[in-house]
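Chemist: Just dropping this structure here.
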Amino acid sequence: MSPSRAVLMVGEGNFSFSASACQLYSESETTVTATCLQHQEEALRHEGAADNIQTIKDSGTVLFEVDCTKLGECASLQGHLFDRVVFNFPHCGRKSGVKKNRELLRNFFLSCVQVLAESGEVHVSLCNGQGGTPADQPKREWHNSWQAVAMAAEADLILSAIHPFESDKHQSYKCTGYRSQDKGFHVEKALVHMFTRSIPYTPAHLLKVEEVVEGEKVQRFLYSDSVHPVKLVQDFLLEGLAKKWPVSMMTETIPFLLTAKQLQTHCCGIDGAQCYWIHLLQKDLTSDTDTSADKENDPRPTETLLPTCLASNKGGNEKDDLLYGISGVVFRNVPIGLWAMPAFHELLIQGVFPSESEPGKLLGEKLETLLAPFGVSIVTEQGGLRLKAQPVGLVGKVFASDVSDNNNHVRITASLNLDLLAVLLFSLPDWRLLWSHDPRFLKQFSSHPSPGTPFHPFCLYPEPFTFDISFWTGPTWEEKNFHAVVREASCGTVEQVKLIDRFSHPDLSQTSYCYRLIYHSHTHALSHTRALQFHKHLETLLSSRLQVTIR
């Protein structure tokens, strides 16, 4: 605890923990406010309570008849914010079941955020097994636990740390209240769960920017850039490659948009189904009248910097034994999946070498040397080399192409997914963390940790929630449009989508689809209530955007 902090203790019985805390904080400017649900006369009946209360009053405050599920209504707490709220071994009393105690936790969390400072912490001590997290040994069945993470998420709190309850630091602490008796809980192997506020969800928004494509201005979406751990991965790769070949990184800005002609001329191995396409409209932006030409005659790829070779090829002036590189954000029109990224950072490296030197093999071996410690292996497939790793799959490829007017040389290109490599090199649990605006994420990379330094999640053991959705569609159905709407409606919290049933009506030109969606977030608090709100919003958007009929 840093100096000058305010601590609120709730649910006290004999006040022995608060008294012990006051003694521990005696050398600091920390102030303790200790509260209990009982009235004063009843509280004083506990053994040692009178002495403990006096100890607290010497440096802090004692309040009686404070309901920890209604802290915002307590007149004595009005206008006060606390840096830490502590609830030790909550229990409804008597022989109450897990459902009642789960509800107690939920109501406490919803209450305590009303008196919690913006950067404050909530500490909840639970007996071993009650929390329902993998930290409990042995872990209870989820339905038989208090589901601490899910209950906290109802108040937009995330589990940021968990550690053993250190009873030896509080020698005078006497735990009481088990089944409303003057009897202690089993504190052996007990755990302290530390919760913090989640950053709020932000809806998707469009940022319109103009870019010139073959003399015409078109609108595109621009993802804002920020300090990013993928830069550490890029620096690591470039430094390793530079020990064998000089690498010249291009500083020119390359466009997010390519025409179909440019795509065919400069891009290798591109799956057109993964491209975003639009048709340019001849429209007066000052009026509501659409004066567009026939859309079918003017297709263009849009909103994308594709996994591509260097579009300019450095003007054909590459030097032998010198690598050229460029990096940036690329976009893919892909369905939702655990490791399917609609946007990621790519590093493109290219060079021209004598054919007899087997440059593709040499470059692949060098990359394998750099990345093998992180589980990346090279696989030879038709068309080149593939860099793969579990569980993320393909993280890069190396392939060769002919050099015009020079049969003795070959052009080698390496395409590397920096986001997936960042997941591997820093042990990230989810690639979506790379796009988080939570300062707790970027803070861990401010000291430029070396690859191999594991990331410490600030959102522990987030609970997934599964919902099904079924609807009727017309004769045509574009599944990727469905995935795009799911991403928007769920604020990116859906990590898996699976088609579980499909039925075409024999008499009507309609088809019924049923999908199973898994909501899961390592960046925000996600409760069952919030996930259900997202799912209901999805039903609304599907009806209005894709004209489906929800079943």
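The values are calculated or read from the model by the stated rules, or taken from the named source; none is laboratory data. As the structure is a computational prediction, the values presented were derived from the model and not from experiment. Here the Cβ positions follow ideal geometry from the backbone for every residue, glycine too, while neighbour counts run over all protein chains shown. Side chains included, ligands, DNA and RNA excluded: accessible areas come from the protein's heavy atoms. Shrake-Rupley method; radii C 1.70, N 1.55, O 1.52, S 1.80 Å.
Chemist: How much of the accessible area of segment 41-163, probe 1.4 Å, is carbon plus sulfur, in whole percent?
Modeler: Ligands and nucleic acids excluded, carbon and sulfur reach 44 percent.
Chemist: Decide, for segment 364-422, between rounded, prolate and oblate: order the square roots of the alpha carbon gyration tensor eigenvalues as a ≥ b ≥ c, take rounded if a/c falls under 1.5, and otherwise choose prolate if a/b is larger than b/c, else oblate.
Modeler: It is prolate, given that a/c is not under 1.5 and a/b is the larger ratio.
Chemist: Contact order normalised by length for segment 477-551, with contacts defined as Cα pairs under 8 Å and 6 or more residues apart; what percent is it?
Modeler: 32 percent
Chemist: Could you tell me the accessible area of PHE331 in Å² (1.4 Å probe, neighbours in place), rounded to the nearest ten?
Modeler: 10 Å²
Chemist: In whole Å, how far is the Cα centre of segment 471-506 from that of segment 81-156?
Modeler: Here the answer is 36 Å between Cα centres.
Chemist: Rounded if a/c is under 1.5, else prolate if a/b beats b/c, else oblate: with a ≥ b ≥ c from the C-alpha gyration tensor eigenvalues square-rooted, which is segment 462-551?
Modeler: The shape class here is prolate.
Chemist: Take the solvent-accessible surface of the protein heavy atoms, probe 1.4 Å, and return the percent of it on segment 444-537 that carbon and sulfur atoms account for.
Modeler: Working: 2390 of 4680 Å².
Answer for segment 444-537: carbon and sulfur cover 51 percent of the accessible area.
Chemist: Same structure, new question: Could you sort LYS443, LYS480, LYS231 by their accessible area in this structure, using a 1.4 Å probe and putting the largest first? Mind showing how you got there, number by number?
Modeler: Numbers: LYS443 150, LYS480 65, LYS231 105 Å².
Heavy-atom accessible area, descending, gives LYS443, LYS231, LYS480.
Chemist: Which ³J(HN,Hα) values, rounded to whole Hz and listed in residue order, are derived for segment 15-22 from phi using the Karplus coefficients 6.51, -1.76 and 1.60 in 6.51 cos²θ - 1.76 cosθ + 1.60 with θ = phi - 60°, glycine and proline given as x?
Modeler: Each residue of segment 15-22 in turn: 6, 6, 5, 4, 5, 5, 5, 4 Hz.
Chemist: Here is a follow-up. What GluC sites (Glu not before Pro) does segment 428-521 have in DSSP loop regions with at most 14 other beta carbons within 10 Å?
Modeler: Passing both the DSSP loop test and the Cβ count: GLU478.
Chemist: Over the residues of segment 62-140, compute the C-alpha Rg and express it relative to 2.2 N^0.38 Å.
Modeler: Dividing the Cα radius of gyration by 2.2 N^0.38 Å gives 1.20.
Chemist: Please work out the Cα center distance from segment 424-468 to segment 521-547, rounded to the nearest Å.
Modeler: If we compute the Cα centre of each part, the gap is 23 Å.
Chemist: I would also like to ask the following. Whole-Hz Karplus ³J(HN,Hα) for segment 374-384, in order, using 6.51 cos²θ - 1.76 cosθ + 1.60 and θ = phi - 60°, x for Gly and Pro?
Modeler: Karplus values, whole Hz, x for Gly and Pro: 10, x, 8, 10, 9, 10, 8, 10, 4, x, x.
Chemist: Which value, in Å³ per residue, describes the convex hull spanned by the Cα atoms of segment 397-497?
Modeler: Spelled out: Cα convex hull of segment 397-497, divided by residues, is 193 Å³.
Chemist: If the limit is 29 Å between Cα atoms, which of LYS95/LYS189; LYS95/LYS174; LYS57/LYS443; LYS57/LYS99; LYS99/LYS536 go over it?
Modeler: Too far apart for the 29 Å limit: LYS57/LYS443; LYS57/LYS99.
Chemist: Also: Might you tell me the accessible area per residue for segment 431-527, computed with a 1.4 Å probe and given in Å²?
Modeler: Per residue, segment 431-527 has 49 Å² of solvent-accessible surface.
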